[in-house]
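Participant: Please find one structure pasted underneath; my questions will follow.
All of the numbers you see were taken from the coordinates with simple rules; none came from a lab. Being a predicted model, the structure only gives us computed values, none of them experimental. Cβ placement follows ideal geometry from the backbone for every residue including glycine, while neighbour counts extend to all protein chains displayed.
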Amino acid sequence: MAVKTVIEAIRDAMREEMRRDSRVIVLGEDVGRRGGVFLATEGFIDEFGEERVIDTPLAEASIVGLAIGAALNGLRPIAEIQFTDFIWPIVNQLVGEAARHHYGTNGQVSVPIVVRSPYGGMVRGGLYHSQSAEGFFYHCPGLKVVCPSTPYDAKGLLKSAIRDDDPVLFFEHKRTYRTVRGEVPDEDYTIPIGVADVKREGRDLSVFSYGLTLHYCLQAAEALAKEGIQVEVVDLRTVKPLDTETILASVKKTGKALIVHEDNLTGGVGAEVSALLADAGFTYLDAPIKRLCGPDVPAMPFAPTLEQAFMPTTDKIIDAMRHLARY
Amino acid sequence: MPVRVELPHVGETVTEGIIQKWLKQPGERVKRFEPLAEVVTDKVTMEFPSPVDGVLVRHLVPEGAAVPMGSPICEIETAEVPAPVEPSAPSPPVKAPVAVLEEPPPNMVMGPTGLRPREEAPTPAPPRERPPLSPVVQRLIAEHNITPQELERIQGTGIGGRITKQDILRYLEARTAPPPAPPTPPAPAPPAPRPAAALGADEEALPLTPVRRIIAENMARSAREIPMAWSMVEVDVTGLARWREAVKEEFERKEGAELTFLPFVVKAVVEALKENPLVNSSWGGDKIILKKRINIGIAVAAPQGLVVPVIHDADRLSIAGLAKAIHDKVQRARENRLTLEDVQGGTFTINNTGALGSVLSQAIINYPQAAILTTERVVKRPVVIDDAIAIRSIMNITVTFDHRILDGHQMSAFTQAVKRRLEAMGPGTPLY
């Protein structure tokens, strides 16, 4: 086993899948000669050639439109949207077309595409390079939305996404790309989409998160362990479909739930987890369900102080956890 | 900011009170400790004092309504009223109280036959009002049949004393944990609560009144927890009987109170308690709690059930004073006019079954006191005195005592002291 960064794990996953299956192609802005803005496809053009590693114009709608067409004709495209902030032009293609084919053809035609997109803040990215968008796509039936947080999960989940017959939106937190390292097996493995992972066990409260904030939650849980508060940290990994079983099992144990994400509070993933718990978990609750999320402002600001103010940081998470533990 | 005033929890067996009468009306100024309302509980009527200075904003409960202990009953505006100034200490900055009932009236719990101070209770005082129970706590309560009485005993560790899931789980663990091995031969297990008996065709159910239920619970508790021993002495009260016969009519005319044997007995008991202070005590688990005051409870058969008004500091009263005090308390007990003060703080109880015609009875201790003394009917009997047979007035006195606190020889010393005093009474014994 080797220790890898998240970006390395993602690169490995794509390379291995492209070697395994000649139908897998990548396309996007600068994915070819430049190897992608974050070097996710570095070296791919030399190994797989221009036919399978396609540099596209700066037109996101056409990237996904092309991918859908290729998929309908038998390929398994991986489309890269350079920053999630630029994802909006693809909505019509992804939501209006890709997500409906399977349903509209009564299961006869599927669209096996993966749309990869680096998202999230704490990178001094300002209004146009820091956004989270899972809350928008979360609402759309027919899509799967994956948000891994560790190298191991990123690789296993990306392989599953590529092998999946339906469209998968694969959000990669760009801050984790090079800051998060972890062991990744050398052999081929996949992680099923729709299965959460209990990253830390605890009995006092359950915290649900994904992406960068998952790591903040783990740090916070570690800090609170010194106060005798045992926090269970659940990495949702896939936000759509949600792993309702794992979520409910955790809250049945602890009776308390905190959902942490960087995406805006209102209508975010946390709202759905809350609704699930209020419905199926009501009689197990020992405290109000709490959310600690990005505020309802249009985007993450540029100034580092304001970035900190926007972000559910470790300190804020510690406060929220402590309050809930004491409740 | 108006303060919500809550009816205090006066004990785990008292679940509700009736607001008999509002003594303050909306708009009236109220001083701290001034009576706000007359509250009737199972046994006593008490005046409920205001916990704060202020102006009564509104009643939350109408007269005549029964409310659970702990519920808010009225609101008092305290904002413009300065906090009471301690004359000796510099006063802190004036601040409107934020908590309800900062200075509660003394906590009382219902004893077997009356209210007694909370500090004698073995369980911690529950917070007056707790935050609502969470769904999971309610689920656990239902799943494990946790009774409201059990819940009262669970210490909430959450914010504002909230009972958390962990509190319940800890309690359940303790509840199911096997008890530590008894050091002595195991005591018989407390009887399991019997399921409600099915009614036969020739039977009729008589619903329990609150008073009956409390008497039942406390008698059972006393009988269950206290290892009771019992003894009896015969007391020759011939001299006392003659003396009483000689003075009772005049006494009654002068004092307006009957002169029964009871004040003489109380006098003798009080002096005997002074001589044997261990009898004036209670069992404290890991210690014996000696009572410095001598407060004698008198068991009275009141219309609503057994009640035990207390003669406080009975050692300071003459026989005439005792007669008047007893007369007053018994009278008010029969009219259901006893206050909380009247029934609290008893340290020793006298049970006068002789008044009912009994010559021998075995009383149950008024929990958690150390002993109870019963005076039986005075009867003329032939007795042997100096090898001659004489007709004498004889009264049996029996005592039931907590054998954890007292042994037979200590108790005998006490009963002999009572006997000696009663037998010494006769013509010339001062009444005043």
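Participant: To the nearest whole number, what is the average tally of beta carbon atoms from other chains within 10 Å of the beta carbons of peptide A:285-297? If you can, show how the numbers build up before the last one.
Facilitator: Values: counts 6, 15, 8, 1, 0, 0, 0, 0, 0, 0, 0, 0, 0.
The shielding value for this peptide is 2.
Participant: Once the Cα atoms of helix A:314-326 and of chain A are each reduced to a long axis, what angle between those two axes, in degrees from 0 to 90 to the nearest 10, is obtained?
Facilitator: 40 degrees
Participant: Between B:ILE289 and B:THR157, what FRET efficiency comes out of the Förster formula 1/(1 + (r/R0)^6) with R0 = 25 Å and r the beta carbon distance, rounded to 0.05?
Facilitator: Numbers: r = 29 Å, r/R0 = 1.15.
Here the calculated transfer efficiency is 0.30.
Participant: When only Cα pairs under 8 Å and 6 or more residues apart are kept, what is the percent relative contact order across chain A?
Facilitator: Result for chain A is 16 percent.
Participant: Also: Set the Förster radius R0 to 45 Å, insert the Cβ-Cβ distance between A:LEU58 and A:GLN230 as r into 1/(1 + (r/R0)^6), and round the FRET efficiency to 0.05.
Facilitator: Numbers: r = 49 Å, r/R0 = 1.10.
It comes out at approximately 0.35.
Participant: What FRET efficiency comes out for the pair B:GLU423/B:ALA177, r = Cβ-Cβ distance, R0 = 60 Å, nearest 0.05?
Facilitator: Result of the calculation: an efficiency of 0.65.
Participant: Of the listed peptides A:64-71, A:298-305, what is their order by residue-averaged count of other C-beta atoms within 10 Å, with the highest listed first? Walk me through the intermediate numbers first.
Facilitator: Working: A:64-71: 22.1, A:298-305: 14.1.
Ranking the peptides A:64-71, A:298-305 by packing returns A:64-71, A:298-305.
Participant: Suppose every Lys and Arg Cβ carries +1 and every Asp and Glu Cβ carries -1, with no other charges. What dipole size does the protein assembly as shown come out with about its Cα centre, to the nearest 20 debye?
Facilitator: 2100 debye
Participant: Would you kindly work out the equivalent ellipsoid of the range A:246-296 from its C-alpha gyration tensor and give its semi-axes, the square roots of five times the eigenvalues, largest first in whole Å?
Facilitator: 20, 10, 9
Participant: To check my understanding: the extent here is largest minus smallest coordinate of the Cα atoms along each principal axis. What are those three numbers for the range A:26-137, in Å, largest first?
Facilitator: 45, 36, 18
Participant: Need one number: nm distance between label points at B:ASP328 and A:ASP21, each 7 Å from Cα along Cα→Cβ, rounded to one decimal.
Facilitator: According to this spin-label approximation, the distance is 9.7 nm.
Participant: Note down the relative contact order for the range B:227-424 as a percent, whole number, built from C-alpha pairs under 8 angstrom at least six residues apart.
Facilitator: It rounds to 31 percent for the range B:227-424.
Participant: A further question on this structure: Distance check, please: which entries in A:LYS144/A:LYS226; B:LYS291/B:LYS324; B:LYS254/B:LYS291 exceed 28 angstrom between their Cα atoms?
Facilitator: Numbers: A:LYS144/A:LYS226 38 Å; B:LYS291/B:LYS324 24 Å; B:LYS254/B:LYS291 35 Å.
A:LYS144/A:LYS226; B:LYS254/B:LYS291, as the Cα separations exceed 28 Å there.
Participant: Also, I was wondering about something else. Go ahead and set up a Gaussian network model of chain A, Cα springs under 10 Å, then flag whichever of A:ALA61, A:ALA99, A:ALA280 fluctuates most.
Facilitator: Comparing A:ALA61, A:ALA99, A:ALA280 in the GNM, the peak value goes to A:ALA280.
Participant: Let me ask something else. With Cβ to Cβ distances under 11 Å as the rule, what net charge do the other residues near A:LEU214 carry (K, R +1; D, E -1)?
Facilitator: Values: positive: A:LYS199, A:ARG200, A:ARG237; negative: A:ASP153, A:ASP197, A:ASP235, A:GLU262.
Summing Lys/Arg as +1 and Asp/Glu as -1 gives -1.
Participant: Another one. Express in nm, to one decimal, how much length is gained between B:MET1 and B:LEU60 on full extension, taking 0.36 nm for each residue of separation and deducting their alpha carbon distance.
Facilitator: In short, 19.6 nm is gained.
Participant: Taking each residue of B:136-145 in turn, how many C-beta atoms of other protein chains fall within 10 Å of its C-beta, and what is the average? Working shown, then result.
Facilitator: Working: counts 12, 4, 1, 6, 4, 0, 1, 1, 0, 0.
The mean count of partner-chain Cβ atoms within 10 Å per residue comes to 3.
Participant: For the pairs A:LYS199/A:LYS252; B:LYS329/B:LYS419; A:LYS290/B:LYS165, note any where the Cα-Cα span goes beyond 19 Å.
Facilitator: Details: A:LYS199/A:LYS252 17 Å; B:LYS329/B:LYS419 25 Å; A:LYS290/B:LYS165 17 Å.
As for pairs spanning more than 19 Å Cα to Cα, those are B:LYS329/B:LYS419.
Participant: Calculate the mean, over all residues of peptide B:159-172, of how many other protein chain Cβ atoms lie within 10 angstrom of the residue's Cβ.
Facilitator: 3
Participant: Same structure, new question: State the antiparallel share, in %, of DSSP beta bridges confined to the protein assembly as shown, rounding to the nearest 5. Intermediate values should be presented prior to the final figure.
Facilitator: On the way: 66 of 105 bridges.
Rounded to the nearest five, the antiparallel share is 65 percent.
Participant: Still on this structure, I have one more. Kindly put A:ARG52, B:ARG253 in sequence by how many other C-beta atoms sit within 10 Å of each C-beta, fewest to most.
Facilitator: Going from least to most buried by this count: B:ARG253, A:ARG52.
Participant: For A:LEU143, B:LEU356, what's the fewest-to-most ordering of other Cβ within 10 Å of each Cβ?
Facilitator: Least to most surrounded, the residues fall as B:LEU356, A:LEU143.
Participant: When only C-alpha pairs under 8 Å and at least 6 residues apart count, what is the relative contact order of the range A:197-326, in percent? Could you put the intermediate results ahead of the total?
Facilitator: Working: 231 pairs, mean separation 38.6, N = 130.
Answer for the range A:197-326 is 30 percent.
Participant: Now for a separate question. Under a GNM of chain A (C-alpha, springs under 10 Å), which listed residue has the highest mean-square fluctuation: A:THR246, A:THR179, A:THR84?
Facilitator: Comparing A:THR246, A:THR179, A:THR84 in the GNM, the peak value goes to A:THR179.
Participant: I've got another one for you. Can you give the angle from 0 to 90° between the axis of helix A:269-280 and the longest principal axis of chain A, with both taken from C-alpha atoms, to the nearest 10?
Facilitator: The helix A:269-280 is inclined about 60 degrees to chain A.
Participant: A:ARG100 versus A:LEU39, label points 7 Å from Cα toward the beta carbon: distance in nm?
Facilitator: 4.2 nm
Participant: For the pair B:GLU341 and A:GLU47, how long in nm is the line joining their label points, each one 7 Å along Cα→Cβ?
Facilitator: Using points 7 Å along Cα→Cβ, the separation is 9.4 nm.
Participant: Still on this model: Quick one: work out Rg over Rh on the C-alpha atoms of the protein assembly as shown, Rh as Kirkwood radius. All intermediate terms of the calculation are to be shown ahead of the outcome.
Facilitator: Numbers: Rg = 40.3 Å, Rh = 33.0 Å.
On the Cα set of the protein assembly as shown, Rg over Rh gives 1.22.
Participant: Here's something else I'd like to know. Only four residue types carry charge here, +1 at the Cβ of Lys and Arg and -1 at the Cβ of Asp and Glu. Report the dipole size of the range A:197-326 about the Cα centre in Debye, rounded to the nearest 20. Mind dumping the intermediate values first?
Facilitator: Details: 14 positive and 18 negative charges, 60 e Å.
With only Lys, Arg, Asp and Glu charged at Cβ, the dipole is about 280 debye.
Participant: Next up: Sorting B:HIS144, B:HIS312, B:HIS9 on the 10 Å Cβ count, fewest up front, what's the list?
Facilitator: B:HIS144, B:HIS312, B:HIS9
Participant: In chain A, with Lys and Arg counted as +1 and Asp and Glu as -1 at Cβ, which of these residues, A:ALA70, A:PHE171, A:GLY182, has the Cα nearest the positive end of the dipole, that is, farthest along it?
Facilitator: A:GLY182
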